[in-house]
Amino acid sequence: MGDDKASTLDLTYTKPSADDDSQLRLALVLASDPGKVVQVPLSGSGKHTTGWTTVSADLSKYAGERIASLGLVLAAGAQPIEDYQVNLGALALHDGVDRTPAAPKKLRIDQLLPGSDELFLSWQRSDYDTVRRLDVHLDDTYLGGIYGEVYYVKRFTATSGQLKLVAVGPDGTRSKPATVSFDLSTAPADVTAKAAPDGTLKAAWSPKQTGQPVTVAVRGLDTAKPFTKEVTVPGNQSGATLTGVPVSGDEYLLTVKTADGTATGVRGTFADAEISPYPRSAVKITGNTFAFSRPTLGDWHTLTILENGRPKSFATIYGSGNKPYIVRGRTTRSATTVTMSSATSKVVAVLEDYAGNKTTTVLRDN
(Lines give C-alpha, C1' and ligand atoms only; values in the text may rest on other atoms or scores of the structure.)
Protein backbone atom coordinates (compact mmCIF):
# COMPACT_ATOMS: atom_id res chain seq x y z
CA MET A 1 0.00 0.00 0.00
CA GLY A 2 1.07 3.57 -0.57
CA ASP A 3 1.36 6.26 2.04
CA ASP A 4 -2.08 7.65 1.23
CA LYS A 5 -4.19 7.85 4.41
CA ALA A 6 -7.37 7.04 2.44
CA SER A 7 -6.49 3.44 1.53
CA THR A 8 -9.49 1.15 1.96
CA LEU A 9 -10.53 -2.40 1.21
CA ASP A 10 -14.16 -2.97 0.17
CA LEU A 11 -16.13 -6.21 0.47
CA THR A 12 -19.39 -6.68 -1.41
CA TYR A 13 -21.61 -9.42 0.04
CA THR A 14 -25.18 -10.43 0.83
CA LYS A 15 -26.41 -12.14 4.01
CA PRO A 16 -29.88 -13.68 3.53
CA SER A 17 -29.94 -15.22 7.02
CA ALA A 18 -31.18 -13.40 10.14
CA ASP A 19 -29.23 -10.99 12.32
CA ASP A 20 -26.67 -12.67 14.58
CA ASP A 21 -23.44 -11.85 16.40
CA SER A 22 -21.12 -13.29 13.73
CA GLN A 23 -18.58 -11.04 12.08
CA LEU A 24 -16.70 -10.94 8.79
CA ARG A 25 -13.09 -9.86 9.11
CA LEU A 26 -10.36 -9.15 6.61
CA ALA A 27 -7.26 -11.30 7.13
CA LEU A 28 -4.06 -9.46 6.19
CA VAL A 29 -0.53 -10.81 6.20
CA LEU A 30 1.99 -7.99 5.90
CA ALA A 31 5.36 -8.53 4.25
CA SER A 32 7.06 -6.97 7.26
CA ASP A 33 5.67 -9.71 9.57
CA PRO A 34 4.75 -12.76 7.46
CA GLY A 35 4.12 -14.97 10.48
CA LYS A 36 1.23 -12.89 11.76
CA VAL A 37 -2.35 -12.62 10.49
CA VAL A 38 -3.91 -9.21 11.12
CA GLN A 39 -7.71 -9.31 11.41
CA VAL A 40 -9.66 -6.18 10.50
CA PRO A 41 -13.35 -6.33 11.56
CA LEU A 42 -16.05 -5.32 9.07
CA SER A 43 -18.63 -3.44 11.06
CA GLY A 44 -22.25 -4.63 10.92
CA SER A 45 -21.45 -7.76 8.88
CA GLY A 46 -23.54 -9.96 11.18
CA LYS A 47 -26.79 -8.26 10.19
CA HIS A 48 -29.29 -9.53 7.62
CA THR A 49 -29.17 -7.70 4.26
CA THR A 50 -31.96 -7.32 1.72
CA GLY A 51 -29.53 -7.57 -1.18
CA TRP A 52 -25.92 -6.92 -2.06
CA THR A 53 -24.16 -4.44 0.20
CA THR A 54 -20.62 -3.08 0.37
CA VAL A 55 -18.63 -2.42 3.55
CA SER A 56 -15.25 -0.68 3.74
CA ALA A 57 -12.29 -1.24 6.02
CA ASP A 58 -9.94 1.68 6.71
CA LEU A 59 -6.35 0.60 6.06
CA SER A 60 -4.64 3.93 6.70
CA LYS A 61 -3.13 2.40 9.83
CA TYR A 62 -0.97 0.22 7.58
CA ALA A 63 0.18 2.94 5.18
CA GLY A 64 3.56 2.14 3.63
CA GLU A 65 3.19 -1.59 4.26
CA ARG A 66 3.06 -4.23 1.53
CA ILE A 67 0.31 -6.85 1.72
CA ALA A 68 1.73 -10.36 1.18
CA SER A 69 -1.59 -12.18 1.54
CA LEU A 70 -5.23 -11.19 1.72
CA GLY A 71 -8.15 -13.31 2.90
CA LEU A 72 -11.42 -13.34 4.78
CA VAL A 73 -12.28 -14.72 8.24
CA LEU A 74 -15.77 -15.68 9.39
CA ALA A 75 -15.81 -15.21 13.17
CA ALA A 76 -18.55 -17.07 15.03
CA GLY A 77 -20.60 -15.47 17.78
CA ALA A 78 -21.04 -16.53 21.38
CA GLN A 79 -23.81 -19.02 20.52
CA PRO A 80 -24.29 -21.53 17.68
CA ILE A 81 -26.03 -20.00 14.65
CA GLU A 82 -28.58 -22.03 12.70
CA ASP A 83 -29.16 -21.69 8.94
CA TYR A 84 -26.33 -19.19 8.55
CA GLN A 85 -25.73 -18.00 4.99
CA VAL A 86 -23.49 -15.35 3.48
CA ASN A 87 -22.67 -14.91 -0.20
CA LEU A 88 -19.45 -13.15 -1.19
CA GLY A 89 -19.36 -10.92 -4.26
CA ALA A 90 -16.19 -8.87 -4.67
CA LEU A 91 -13.13 -7.74 -2.75
CA ALA A 92 -11.50 -4.50 -3.95
CA LEU A 93 -8.43 -2.67 -2.67
CA HIS A 94 -8.34 1.12 -3.15
CA ASP A 95 -5.35 3.34 -2.56
CA GLY A 96 -7.31 6.57 -2.29
CA VAL A 97 -6.71 7.65 -5.88
CA ASP A 98 -9.91 8.15 -7.89
CA ARG A 99 -9.65 5.80 -10.88
CA THR A 100 -13.32 5.82 -11.81
CA PRO A 101 -13.50 5.37 -15.61
CA ALA A 102 -15.17 7.94 -17.82
CA ALA A 103 -18.57 7.05 -19.24
CA PRO A 104 -18.28 4.99 -22.46
CA LYS A 105 -18.49 6.90 -25.74
CA LYS A 106 -20.43 6.38 -28.97
CA LEU A 107 -22.89 3.77 -27.66
CA ARG A 108 -25.33 2.89 -30.43
CA ILE A 109 -27.82 0.26 -31.52
CA ASP A 110 -26.34 -1.23 -34.67
CA GLN A 111 -29.09 -3.75 -35.31
CA LEU A 112 -32.47 -4.21 -33.66
CA LEU A 113 -34.19 -7.20 -35.27
CA PRO A 114 -37.64 -7.90 -33.78
CA GLY A 115 -38.34 -10.66 -36.31
CA SER A 116 -35.49 -12.80 -34.97
CA ASP A 117 -35.31 -11.30 -31.43
CA GLU A 118 -31.72 -10.07 -31.82
CA LEU A 119 -29.84 -6.96 -30.72
CA PHE A 120 -26.37 -5.76 -31.77
CA LEU A 121 -24.70 -2.93 -29.82
CA SER A 122 -21.41 -1.13 -30.41
CA TRP A 123 -19.34 1.58 -28.74
CA GLN A 124 -15.85 3.06 -28.66
CA ARG A 125 -13.57 0.75 -26.69
CA SER A 126 -11.36 2.25 -23.96
CA ASP A 127 -7.80 1.23 -23.12
CA TYR A 128 -7.48 -1.87 -20.94
CA ASP A 129 -5.38 0.06 -18.43
CA THR A 130 -8.42 2.14 -17.51
CA VAL A 131 -11.34 -0.19 -18.30
CA ARG A 132 -11.38 -3.93 -17.63
CA ARG A 133 -15.01 -4.67 -18.47
CA LEU A 134 -18.13 -3.04 -19.87
CA ASP A 135 -21.49 -4.06 -18.39
CA VAL A 136 -24.67 -3.92 -20.45
CA HIS A 137 -28.07 -3.35 -18.81
CA LEU A 138 -31.62 -3.03 -20.08
CA ASP A 139 -33.13 -0.54 -17.62
CA ASP A 140 -32.12 -2.22 -14.33
CA THR A 141 -31.68 -5.75 -15.75
CA TYR A 142 -28.12 -6.97 -16.27
CA LEU A 143 -27.61 -8.43 -19.76
CA GLY A 144 -23.90 -9.24 -19.59
CA GLY A 145 -20.37 -7.89 -19.61
CA ILE A 146 -17.40 -7.96 -21.97
CA TYR A 147 -14.14 -6.21 -22.72
CA GLY A 148 -14.64 -5.22 -26.32
CA GLU A 149 -16.54 -2.86 -28.58
CA VAL A 150 -19.53 -4.92 -29.73
CA TYR A 151 -22.17 -6.93 -27.89
CA TYR A 152 -24.81 -9.35 -29.17
CA VAL A 153 -28.02 -10.26 -27.33
CA LYS A 154 -30.14 -13.18 -28.51
CA ARG A 155 -33.78 -13.73 -27.52
CA PHE A 156 -34.11 -9.97 -27.06
CA THR A 157 -37.87 -9.48 -26.80
CA ALA A 158 -38.15 -6.09 -25.09
CA THR A 159 -40.33 -3.59 -26.96
CA SER A 160 -39.04 -0.44 -25.25
CA GLY A 161 -36.54 0.67 -22.65
CA GLN A 162 -33.17 2.23 -22.03
CA LEU A 163 -29.94 0.38 -22.72
CA LYS A 164 -27.09 1.31 -20.40
CA LEU A 165 -23.37 0.71 -20.75
CA VAL A 166 -21.13 1.02 -17.66
CA ALA A 167 -17.33 0.89 -17.71
CA VAL A 168 -15.68 -1.01 -14.85
CA GLY A 169 -12.16 -0.01 -13.84
CA PRO A 170 -9.29 -2.24 -12.63
CA ASP A 171 -10.26 -1.54 -9.00
CA GLY A 172 -13.96 -2.25 -9.55
CA THR A 173 -15.06 1.38 -9.73
CA ARG A 174 -17.94 2.00 -12.13
CA SER A 175 -18.47 4.85 -14.53
CA LYS A 176 -21.62 6.81 -15.12
CA PRO A 177 -23.68 4.97 -17.74
CA ALA A 178 -23.84 5.77 -21.42
CA THR A 179 -27.45 5.31 -22.55
CA VAL A 180 -29.51 4.79 -25.67
CA SER A 181 -33.29 4.37 -25.72
CA PHE A 182 -35.60 2.47 -28.06
CA ASP A 183 -39.36 2.16 -28.49
CA LEU A 184 -40.82 -0.23 -31.03
CA SER A 185 -44.18 1.53 -30.85
CA THR A 186 -42.55 4.32 -32.89
CA ALA A 187 -41.09 1.93 -35.48
CA PRO A 188 -42.54 0.35 -38.62
CA ALA A 189 -43.43 -3.27 -37.82
CA ASP A 190 -43.21 -6.64 -39.58
CA VAL A 191 -40.24 -5.65 -41.75
CA THR A 192 -39.39 -8.07 -44.56
CA ALA A 193 -36.98 -7.94 -47.51
CA LYS A 194 -36.28 -10.07 -50.56
CA ALA A 195 -33.47 -9.63 -53.08
CA ALA A 196 -33.75 -10.62 -56.74
CA PRO A 197 -31.13 -11.59 -59.37
CA ASP A 198 -31.89 -8.40 -61.34
CA GLY A 199 -30.29 -6.30 -58.59
CA THR A 200 -33.50 -5.18 -56.91
CA LEU A 201 -34.45 -5.55 -53.28
CA LYS A 202 -38.09 -5.32 -52.23
CA ALA A 203 -38.81 -4.19 -48.66
CA ALA A 204 -42.20 -4.25 -46.95
CA TRP A 205 -43.50 -3.20 -43.52
CA SER A 206 -46.60 -2.22 -41.57
CA PRO A 207 -46.58 1.61 -41.41
CA LYS A 208 -47.32 3.67 -38.30
CA GLN A 209 -50.09 6.26 -38.40
CA THR A 210 -47.73 9.18 -37.81
CA GLY A 211 -47.58 10.38 -41.39
CA GLN A 212 -43.82 10.90 -41.06
CA PRO A 213 -41.68 9.90 -44.05
CA VAL A 214 -39.99 6.51 -43.82
CA THR A 215 -36.30 6.03 -44.56
CA VAL A 216 -35.30 2.63 -45.94
CA ALA A 217 -31.59 1.78 -45.93
CA VAL A 218 -29.66 -1.31 -46.99
CA ARG A 219 -26.05 -2.00 -46.00
CA GLY A 220 -23.83 -4.87 -47.11
CA LEU A 221 -22.26 -6.68 -44.16
CA ASP A 222 -19.10 -7.77 -45.97
CA THR A 223 -16.64 -5.05 -44.95
CA ALA A 224 -14.34 -6.01 -47.83
CA LYS A 225 -17.09 -5.01 -50.28
CA PRO A 226 -18.83 -1.98 -48.74
CA PHE A 227 -22.27 -1.06 -50.08
CA THR A 228 -25.01 1.24 -48.81
CA LYS A 229 -28.16 2.64 -50.36
CA GLU A 230 -31.00 4.66 -48.92
CA VAL A 231 -34.41 5.89 -50.08
CA THR A 232 -37.14 7.92 -48.36
CA VAL A 233 -40.83 7.26 -49.05
CA PRO A 234 -44.11 8.79 -47.79
CA GLY A 235 -45.24 7.75 -44.31
CA ASN A 236 -48.36 5.96 -45.52
CA GLN A 237 -46.36 3.71 -47.85
CA SER A 238 -45.90 0.07 -46.84
CA GLY A 239 -43.09 -0.92 -49.17
CA ALA A 240 -40.24 0.20 -51.39
CA THR A 241 -37.98 -1.27 -54.06
CA LEU A 242 -34.28 -0.48 -54.04
CA THR A 243 -32.42 -0.90 -57.31
CA GLY A 244 -28.78 -1.47 -58.14
CA VAL A 245 -28.01 -3.64 -55.12
CA PRO A 246 -25.26 -6.28 -55.32
CA VAL A 247 -25.94 -9.76 -56.70
CA SER A 248 -22.97 -11.29 -54.90
CA GLY A 249 -24.77 -13.58 -52.46
CA ASP A 250 -23.38 -11.61 -49.50
CA GLU A 251 -25.34 -10.76 -46.34
CA TYR A 252 -27.08 -7.42 -45.89
CA LEU A 253 -28.93 -5.45 -43.21
CA LEU A 254 -32.08 -3.54 -44.16
CA THR A 255 -33.44 -0.94 -41.71
CA VAL A 256 -36.66 1.06 -41.73
CA LYS A 257 -37.32 4.14 -39.56
CA THR A 258 -39.24 7.38 -39.27
CA ALA A 259 -37.51 10.67 -38.47
CA ASP A 260 -37.88 10.50 -34.68
CA GLY A 261 -38.60 6.77 -34.29
CA THR A 262 -36.56 3.68 -33.56
CA ALA A 263 -34.92 1.93 -36.49
CA THR A 264 -35.82 -1.74 -36.88
CA GLY A 265 -34.49 -4.12 -39.44
CA VAL A 266 -34.03 -7.53 -40.93
CA ARG A 267 -30.97 -9.40 -42.21
CA GLY A 268 -30.91 -11.23 -45.48
CA THR A 269 -28.75 -12.38 -48.37
CA PHE A 270 -28.36 -10.64 -51.70
CA ALA A 271 -29.24 -12.74 -54.72
CA ASP A 272 -26.26 -14.70 -56.00
CA ALA A 273 -26.05 -14.10 -59.75
CA GLU A 274 -22.34 -13.57 -60.33
CA ILE A 275 -19.20 -15.66 -60.24
CA SER A 276 -15.52 -14.93 -60.74
CA PRO A 277 -13.72 -17.10 -63.33
CA TYR A 278 -11.19 -19.74 -62.38
CA PRO A 279 -7.84 -18.10 -63.18
CA ARG A 280 -5.49 -19.77 -65.62
CA SER A 281 -2.66 -18.91 -63.23
CA ALA A 282 -4.18 -21.38 -60.74
CA VAL A 283 -3.05 -24.27 -62.98
CA LYS A 284 0.55 -25.41 -63.26
CA ILE A 285 1.10 -26.93 -66.70
CA THR A 286 4.16 -29.11 -67.26
CA GLY A 287 4.15 -30.58 -70.74
CA ASN A 288 0.86 -32.42 -70.94
CA THR A 289 0.31 -32.61 -67.16
CA PHE A 290 -2.03 -30.15 -65.41
CA ALA A 291 -1.90 -29.56 -61.65
CA PHE A 292 -5.06 -27.77 -60.45
CA SER A 293 -5.08 -25.53 -57.38
CA ARG A 294 -8.12 -25.24 -55.15
CA PRO A 295 -10.38 -22.36 -56.29
CA THR A 296 -10.25 -19.31 -54.03
CA LEU A 297 -13.88 -18.34 -54.63
CA GLY A 298 -15.64 -18.40 -51.27
CA ASP A 299 -18.74 -20.33 -52.40
CA TRP A 300 -17.33 -22.55 -55.16
CA HIS A 301 -18.82 -26.03 -55.40
CA THR A 302 -17.34 -27.93 -58.35
CA LEU A 303 -14.60 -27.49 -60.93
CA THR A 304 -15.18 -29.49 -64.11
CA ILE A 305 -12.21 -30.10 -66.42
CA LEU A 306 -13.17 -30.79 -70.05
CA GLU A 307 -10.74 -32.26 -72.57
CA ASN A 308 -12.18 -31.82 -76.04
CA GLY A 309 -15.58 -31.45 -74.39
CA ARG A 310 -15.37 -34.63 -72.28
CA PRO A 311 -15.05 -34.36 -68.47
CA LYS A 312 -12.03 -35.82 -66.71
CA SER A 313 -12.62 -38.16 -63.76
CA PHE A 314 -11.46 -37.44 -60.20
CA ALA A 315 -11.16 -39.76 -57.20
CA THR A 316 -12.87 -38.70 -53.95
CA ILE A 317 -12.59 -39.49 -50.25
CA TYR A 318 -15.18 -41.09 -47.95
CA GLY A 319 -15.91 -43.84 -50.45
CA SER A 320 -17.84 -41.55 -52.78
CA GLY A 321 -16.23 -43.00 -55.91
CA ASN A 322 -14.95 -41.09 -58.93
CA LYS A 323 -16.69 -37.90 -59.99
CA PRO A 324 -16.64 -36.05 -63.35
CA TYR A 325 -15.41 -32.92 -61.57
CA ILE A 326 -13.32 -31.70 -58.66
CA VAL A 327 -15.78 -31.32 -55.78
CA ARG A 328 -15.17 -29.12 -52.79
CA GLY A 329 -13.95 -31.03 -49.74
CA ARG A 330 -14.17 -34.44 -51.43
CA THR A 331 -11.59 -34.78 -54.22
CA THR A 332 -8.26 -36.32 -53.19
CA ARG A 333 -5.18 -34.14 -53.47
CA SER A 334 -3.37 -36.56 -55.79
CA ALA A 335 -6.35 -36.62 -58.16
CA THR A 336 -6.01 -32.89 -58.89
CA THR A 337 -2.92 -33.56 -61.02
CA VAL A 338 -4.05 -34.84 -64.41
CA THR A 339 -2.21 -35.94 -67.57
CA MET A 340 -4.31 -35.23 -70.63
CA SER A 341 -5.00 -37.88 -73.28
CA SER A 342 -3.61 -35.74 -76.09
CA ALA A 343 -0.90 -33.08 -76.23
CA THR A 344 -3.01 -31.04 -78.67
CA SER A 345 -6.44 -31.28 -77.05
CA LYS A 346 -8.50 -28.31 -75.94
CA VAL A 347 -8.71 -28.07 -72.14
CA VAL A 348 -11.42 -26.00 -70.46
CA ALA A 349 -12.23 -25.41 -66.76
CA VAL A 350 -15.85 -24.82 -65.75
CA LEU A 351 -16.26 -23.39 -62.23
CA GLU A 352 -19.69 -23.63 -60.55
CA ASP A 353 -20.81 -22.15 -57.21
CA TYR A 354 -23.53 -23.34 -54.84
CA ALA A 355 -26.09 -21.01 -56.45
CA GLY A 356 -25.56 -22.69 -59.84
CA ASN A 357 -23.61 -19.85 -61.45
CA LYS A 358 -20.98 -21.06 -63.94
CA THR A 359 -17.95 -19.57 -65.63
CA THR A 360 -15.59 -21.04 -68.23
CA THR A 361 -11.84 -20.62 -68.58
CA VAL A 362 -9.89 -21.93 -71.57
CA LEU A 363 -6.67 -23.43 -70.22
CA ARG A 364 -5.33 -24.74 -73.53
CA ASP A 365 -6.74 -24.15 -76.96
CA ASN A 366 -6.23 -26.60 -79.79
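The values are calculated or read from the model by the stated rules, or taken from the named source; none is laboratory data. These numbers were taken from a predicted model, which means no experiment stands behind them. For the accessible areas, the whole protein counts, side chains as well, though only heavy atoms, and no ligand, DNA or RNA atoms are used. Shrake-Rupley method; radii C 1.70, N 1.55, O 1.52, S 1.80 Å.
Reducing the stretch 220-282 and the stretch 55-133 to their Cα centroids gives an inter-centroid distance of 42 Å. Kirkwood hydrodynamic radius of the stretch 101-244, from the reciprocal of the average inverse Cα-Cα distance over all distinct pairs: 17.3 Å.
Can you tell me the relative contact order of the chain? Whole percent, Cα pairs under 8 Å, sequence separation 6 or more. Please report the intermediate quantities before stating the final value.
Working: 857 pairs, mean separation 38.1, N = 366.
With pairs under 8 Å counted, the relative contact order is 10 percent.
Using heavy-atom solvent-accessible surface (probe 1.4 Å) with all chains present, what is the largest-first order of 305, 285?
The most accessible residue leads, giving 285, 305.
Taking the protein heavy atoms of the chain in the context of the full set of protein chains, the accessible area attributed to carbon and sulfur is 49 percent at 1.4 Å. Let's test this: bin the Cα-Cα distances of the stretch 163-219 at 10 Å from zero up to the farthest pair and state each bin's percent. Going from the shortest bin to the longest, the percentages are 16, 29, 21, 18, 13, 2. According to the Cα-based calculation, Rg over Rh for the stretch 1-127 is 1.15, with Rh computed by the Kirkwood formula. The string of couplings for the stretch 347-352 from the Karplus curve (6.51, -1.76, 1.60, θ = phi - 60°) is 10, 10, 10, 10, 9, 10 Hz, one whole number per residue in order, with x for Gly and Pro.
Residues whose amide H lies under 5 Å from that of residue 176, counting only those 5 or more places away or on a different chain, are 103; hydrogens are built 1.01 Å from N in the peptide plane. Average accessible surface for the stretch 95-140: 58 Å² per residue, computed with a 1.4 Å probe over protein heavy atoms with every protein chain in place. Ordered by solvent-accessible area of protein heavy atoms (1.4 Å probe), largest first, the residues 33, 260 come out as 260, 33. Translational diffusion of the chain, estimated by Stokes-Einstein from the Kirkwood radius over alpha carbon pairs at 20 °C in a medium of 1.002 mPa s, is 79 µm² per second. Scaling against 2.2 N^0.38 Å puts the C-alpha radius of gyration of the stretch 229-366 at 1.53.
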